[in-house]
């Protein structure tokens with residue numbers, strides 16, 4: 001083969017396919033190489049199946065909390081998983097339809113760089129490319145003691161294949177994947193144990209979220225052990241006997257290993273052609289998503305954390321536009337994160353500490369949701385919202401929330417940060433009643449000393 | 001009595017209590033007079049009870065659509081209504097707690113202006129006030145033929161008192177109240193008929209929403225008659241025999257009259273002290289919420305449509321700040337509206353026609369939700385989003401959506417309009433995946449000719 005493309009994209013996930021589509025829209029001749037399923041980790045093993053799994057689980061749980069609704073519900077686990085798969089297939093199929101519709105040539109197989117303009121694709125042969133975009137993402141990290149067998153020990157990929165509801169599960173890792181799966185399984189009646197090596201769940205995230213996640217999971221009956229690892233494991237047919245670092249012994253039907261991710265930068269010929277990696281194996285890029293090799297770009301999770309599909313989308317578009325000769329920079333200032341529990345958790349922008357480092361004079365304010373009518377109606381009163389803003393300019397710098405619909409309202413905070421909005425702006429924006437988004441008005445008013453639905457002591461005159 | 005207040009607020013609803021609180025925060029001596037329950041129409045008979053009623057109905061309905069969830073649910077209607085009442089009482093109680101906490105004196109009774117500085121409150125006596133804020137809101141409009149009896153014929157207030165699920169109901173009026181109640185009753189298994197005098201539902205609103213509402217209600221089994229009124233009615237114990245203008249005859253257990261609102265501006269002594277009303281009886285105000293009488297302000301629904309609690313909140317605050325000597329104007333540019341069906345409907349800003357009248361060069365673009373993953377997961381694919389923007393400047397002017405969580409995401413559009421954001425800004429804002437708010441990015445990219453999740457034909461070179 002001697003095809004010559006303007007751009008070849010390696011990887012058909014959120015870091016890859018949007019760039020292929022954009023490059024084609026900009027008139028480039030584009031190919032995309034994918035060894036697995038189109039849509040990548042997000043569509044096939046991450047965001048999409050987990051959110052599909054969570055929706056019915058949350059709905060069933062919500063019904064249970066309504067004492068005036070009588071009757072018992074039973075989840076047909078096999079049909080449930082089939083439904084989740086059908087959603088995944090539909091969205092993955094949508095990606096294929098888009099790529100074909102935009103005239104992107106698809107190659108199925110593992111790719112390897114032979115030189116700066118040549119790829120070798122297994123079963124296909126050599127492909128010539130003016131420019132290359134690497135978006136190979138990450139794989140689940142492994143633990144030597146807990147080797148994934150797809151039977152008893154699982155990662156986020158293999159766990160989606162089980163067709164019978166387990167009676168019990170040990171989730172190793174209390175990051176957002178562990179927390180989402182713990183809430184999911186607890187809500188559908190699985191006995192859930194969670195072991196986290198660090199002193200708290202959601203390590204590295206806002207501490208109020210971390211504490212809230214722990215409280216939420218405990219209320220769901222999840223047995224949480226922090227500062228805990230697995231010391232030994234003995235597998236017997238369809239069961240694992242586990243000893244924890246505390247000495248405690250557990251028997252569970254399944255184990256889910258969710259201890260982080262590692263970059264897929266091996267065996268791609270990256271080092272050989274001069275693409276620089278960082279110490280963890282992620283590809284180093286500049287603001288235009290260009291690697292240390294002039295005609296090679298990278299985008300998405302392979303460029304390092306935060307590992308988020310929507311960040312990958314944007315980076316992929318930026319890489320494609322630059323590959324097409326535009327001058328565009330990726331702006332990492334306002335990248336929201338969501339944990340899809342119920343209530344949801346979300347955050348965007350800077351923490352107080354980051355703001356201080358960046359020369360701001362940050363102030364943070366937290367507000368409970370008790371005064372937000374929709375939170376009362378939807379049982380989300382244990383939630384909260386928090387803003388980080390500059391004390392002098394009142395500019396909004398960060399936002400954190402645990403609330404119903406937090407995943408949706410965090411976008412308003414994202415736009416506010418993007419636009420340089422102040423909390424004065426937020427307090428003057430009319431939010432519809434009754435919604436959770438009213439918290440933006442309420443908390444901004446509180447920060448300005450004039451809340452309408454929150455009691456602050458009157459100052460003495 | 002010879003009390004002398006800086007500000008007396010007449011009405012304890014969304015147009016009244018926020019202003020009383022704000023005025024107190026600003027150091028004024030404030031009283032509030034309320035003849036009924038604190039919280040007004042919204043808390044007691046509108047937004048709050050209807051949203052509380054809808055939440056379980058929508059959840060039960062959502063479960064039914066999940067074929068993999070087995071089992072039958074039964075709603076204990078009496079307990080359900082008790083739960084709704086407890087929510088209402090809690091939120092109404094919160095308003096009382098706030099007013100007391102901020103030192104606002106509460107008077108219970110009907111108020112009447114004796115002169116520009118004097119009120120007479122029944123059972124209390126005269127109250128002197130430097131300034132007065134009128135926030136008396138509206139009452140449900142009546143139909144001579146369908147006089148509300150609280151037994152067979154109801155309005156939005158009396159219908160909340162019924163404690164046994166009716167087998168059938170005729171809703172007269174297809175505005176947002178009629179549409180919300182129709183979806184509610186249909187979802188809990190009531191036979192629902194809806195009669196609207198105009199050719200379509202949601203008259204005066206965006207036509208795509210209007211059509212979508214009709215389709216949605218039809219799918220729920222609601223029998224809709226447009227261009228239709230009630231010609232005659234005969235009540236027999238717990239049943240009404242109705243003849244429609246078409247000649248069709250119906251027997252229903254209940255009738256809900258939802259044909260609009262009328263201002264509560266009678267018997268207040270308004271005309272006598274010189275407060276100008278418009279031809280419909282609403283109070284005329286300027287941008288500072290001042291009436292034609294210098295020391296008398298008005299806010300909320302009594303100032304005319306759109307009748308919305310969140311608009312009333314803001315107007316009330318503006319009135320209070322001006323009463324306290326500040327100079328603040330109410331900005332009506334971006335007031336969102338929501339219809340709490342499921343999917344929800346929401347809109348904010350200008351229609352294409354309004355934009356044209358205001359000197360813009362508007363363009364509108366509608367996008368289905370099929371490419372938005374969360375809409376697929378949550379069964380909201382029949383939904384859509386629409387933007388109205390200026391063709392030259394790309395400034396966002398309006399937003400319309402039928403989508404899951406539309407009530408929450410409309411706040412981002414509201415902030416965008418407030419901040420003068422362009423669709424370029426929206427396309428560069430990173431929305432979390434998978435959420436409905438991604439539609440802002442997608443539709444803006446489509447308007448700019450470069451969508452990532454939507455196929456447009458490639459132009460011939």
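With a Förster radius of 25 Å, plug the Cβ-Cβ distance of residue B:295 and residue B:108 into 1/(1 + (r/R0)^6) and report the FRET value to the nearest 0.05.
Working: r = 24 Å, r/R0 = 0.96.
For R0 = 25 Å, the calculated efficiency reads 0.55.
Below 8 Å, C-alpha to C-alpha, sequence gap of six or more: please give me the relative contact order for chain A in percent.
Numbers: 977 pairs, mean separation 63.8, N = 461.
Relative contact order of chain A: 14 percent.
Tell me the distances, shortest first, between residue B:144 and the same position across the other copies, using label points 7 Å along Cα→Cβ, in nm to one decimal.
9.2
Ranking A:431, A:241 by Cβ neighbours within 10 Å, fewest first, what do you get? Working shown, then result.
Details: A:431 26, A:241 13.
Ascending number of Cβ neighbours within 10 Å: A:241, A:431.
Per DSSP H run of at least 4 residues, take -39500 (n - 2.57); add these up for chain A, divide by its residues and hand me the 222 nm value, nearest 500 deg cm²/dmol. Let's see the in-between values first.
Working: 13 runs with 142 residues, N = 461.
Value at 222 nm, helices only: -9500 deg cm²/dmol.
May I ask you to report, in nm to one decimal and beginning with the shortest, the distances from residue B:235 to the same position in the other copies, taking label points 7 Å along Cα-to-Cβ?
Going from nearest to farthest copy, the values are 7.3 nm.
May I ask you to order A:340-352, A:402-414 by the average number of other C-beta atoms within 10 Å around their residues, highest value first?
Values: A:340-352: 24.2, A:402-414: 28.6.
Per-residue Cβ counts within 10 Å, averaged per peptide and sorted highest first, yield A:402-414, A:340-352.
Is the shape of chain B rounded, prolate or oblate, going by the alpha carbon gyration tensor and its root eigenvalues a ≥ b ≥ c, with a/c under 1.5 for rounded and a/b larger than b/c for prolate? Present the calculation step by step, with values, prior to reporting the outcome.
Details: a/c = 1.85, a/b = 1.21, b/c = 1.53.
The shape class here is oblate.
Please arrange A:188, A:10 by how many other C-beta atoms lie within 10 Å of their C-beta, fewest to most. Numbers along the way, then the final one.
Working: A:188 15, A:10 29.
Taking fewest neighbouring Cβ atoms as first place, the list is A:188, A:10.
Counting only C-alpha contacts under 8 Å and six or more residues apart, can you give the relative contact order of region B:337-447 as a whole percent?
Dividing the mean separation by the residue count of region B:337-447 yields 29 percent.
If packing is taken as the mean number of other Cβ atoms within 10 Å per residue, what is the order of B:47-53, A:437-443, A:142-148, A:196-202, highest first?
On the way: B:47-53: 24.6, A:437-443: 27.0, A:142-148: 14.3, A:196-202: 18.6.
Going from most to least packed, we get A:437-443, B:47-53, A:196-202, A:142-148.
Using a basic spin-label model with each label point 7 Å from the Cα along Cα→Cβ, how many nm lie between residue A:327 and residue A:284?
Between residue A:327 and residue A:284, the simple spin-label model gives 2.4 nm.
Count, for each residue of B:344-353, the Cβ atoms from other chains sitting within 10 Å of its Cβ, then give me the mean as a whole number. Display every interim value, and only then the final one.
Details: counts 2, 0, 2, 0, 2, 0, 0, 0, 0, 0.
The per-residue average across the peptide is 1.
What's the average, rounded to a whole number, of partner chain beta-carbon atoms within 10 Å of each residue's beta-carbon in B:99-112? Don't skip to the end; give the middle numbers.
Working: counts 1, 1, 5, 5, 1, 0, 0, 0, 0, 0, 0, 0, 0, 0.
Per residue, the average neighbour count from other chains is 1.
Taking R0 as 51 Å, what FRET efficiency do you get between residue A:35 and residue B:90 from their Cβ-Cβ distance, rounded to the nearest 0.05? Present the calculation step by step, with values, prior to reporting the outcome.
Values: r = 56 Å, r/R0 = 1.09.
Taking R0 as 51 Å, the efficiency between residue A:35 and residue B:90 is 0.35.
So how far, in whole Å, is the C-alpha centre of region A:315-365 from the one of region B:329-343?
Using only Cα atoms, the two centres lie 28 Å from each other.
What is the average number of partner chain Cβ atoms found within 10 Å of a Cβ in B:420-431? All intermediate terms of the calculation are to be shown ahead of the outcome.
Numbers: counts 1, 4, 0, 0, 0, 3, 3, 2, 8, 12, 18, 10.
The mean count of partner-chain Cβ atoms within 10 Å per residue comes to 5.
Can you list, shortest first and in nm, the gaps between the label point of residue A:103 and those of its counterparts in the other copies, using a point 7 Å from Cα in the C-beta direction?
7.4
Using packing as a proxy for protection, rank A:62-71, B:31-40 so that the peptide with the highest average count of other Cβ atoms within 10 Å comes first.
Values: A:62-71: 15.3, B:31-40: 23.8.
Highest to lowest by the protection proxy: B:31-40, A:62-71.
With each pseudo-label sitting 7 Å past Cα toward Cβ, what's the residue A:145-residue A:357 distance in nm, one decimal?
3.2
Can you sort A:59, A:303 by how many other beta carbons sit within 10 Å, fewest first? Intermediate values should be presented prior to the final figure.
Details: A:59 22, A:303 25.
By the 10 Å Cβ count, ascending, the order reads A:59, A:303.
Given the Cα-Cα distance of residue B:197 and residue B:115 and 0.36 nm per residue of separation, how much length would full extension add, in nm? Show your work: numbers first, answer last.
Values: separation 82, 0.36 × 82 = 29.52 nm, distance 4.19 nm.
Answer, rounded to one decimal: 25.3 nm.
So, R0 is 41 Å and r is the distance between the beta-carbons of residue A:248 and residue B:64; what FRET efficiency does that work out to, to 0.05? Intermediate results must be reported in sequence, preceding the final value.
Details: r = 43 Å, r/R0 = 1.04.
Result of the calculation: an efficiency of 0.45.
Read the figures in this text as sums done on the coordinates, not as results from a lab. Keep in mind that what you see is a predicted model, and the values were worked out from it rather than measured. Every residue, glycine among them, receives a Cβ derived from its backbone with ideal geometry; neighbour counts consider all protein chains shown.
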